[in-house]
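This report concerns only the one structure given below.
The values are calculated or read from the model by the stated rules, or taken from the named source; none is laboratory data. Keep in mind it's a predicted model, so treat the numbers as computed, not measured. Cβ atoms come from the backbone with ideal geometry, glycine included; neighbour counts cover every protein chain shown. Side chains included, ligands, DNA and RNA excluded: accessible areas come from the protein's heavy atoms. Shrake-Rupley method; radii C 1.70, N 1.55, O 1.52, S 1.80 Å.
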Amino acid sequence: MTISLRPVTKENYEAVCELDVTKEQEDLVACNMWSLVESMFNEGHTTRAIYLAEEPVGFFMWVKETPEKMSIWRFMVDQNHQQKGIGRFAMEKALAEIKQIAGV
């Protein structure tokens, strides 16, 4: 299984916005479109699309709250790709990327 994190760009943002969770999870996860808008107008917000091979299947957003503190604010895997271990692999990759930021 090839999982990667990629920046959200003008080429993939629509696919990221179309990702969705189950009906039961809707109250637990913010809309990806809203999260992308939020990231564009607030400093320190980083977004990543979770890819399975060449297909976007999830979304991350982390926020630098202080020079030393980074928090994961958004994390979702599309309902059609849940229960496959994608979230676990993606979390490992996100934490590895975050740990590379100086001072965090």
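Taking Cβ atoms as reference points and 9 Å as the exclusive limit, the residues near LEU5 contribute a net charge of +2, counting Lys and Arg as +1 and Asp and Glu as -1.
From the helices alone, meaning DSSP H stretches of at least four residues, give me the mean residue ellipticity at 222 nm for the chain, per-run term -39500 (n - 2.57), in deg cm²/dmol to the nearest 500.
Mean residue ellipticity at 222 nm (helix-derived): -8000 deg cm²/dmol.
Subtract the Cα-Cα distance of LEU28 and GLU43 from 0.36 nm times their separation in residues, and report this length gain in nm to one decimal.
Extending this stretch completely gives an extra 3.0 nm.
Rolling a 1.4 angstrom probe over the chain with all protein chains present gives an accessible area of which 52% lies on carbon and sulfur atoms. Pairs of Lys residues in the chain that lie 8 or more places apart, or on two chains, and have C-alpha atoms under 26 angstrom apart add up to 9.
Could you give the accessible area per residue of the chain, probe 1.4 Å, as a whole number in Å²?
64
Based on every Cα atom in segment 43-104, Rg and the maximum pairwise Cα distance Dmax equal 12.3, 37 Å. Overall, the chain carries a charge dipole of about 400 debye about its Cα centre when +1 sits on the Cβ of Lys and Arg and -1 on the Cβ of Asp and Glu, all other atoms neutral.
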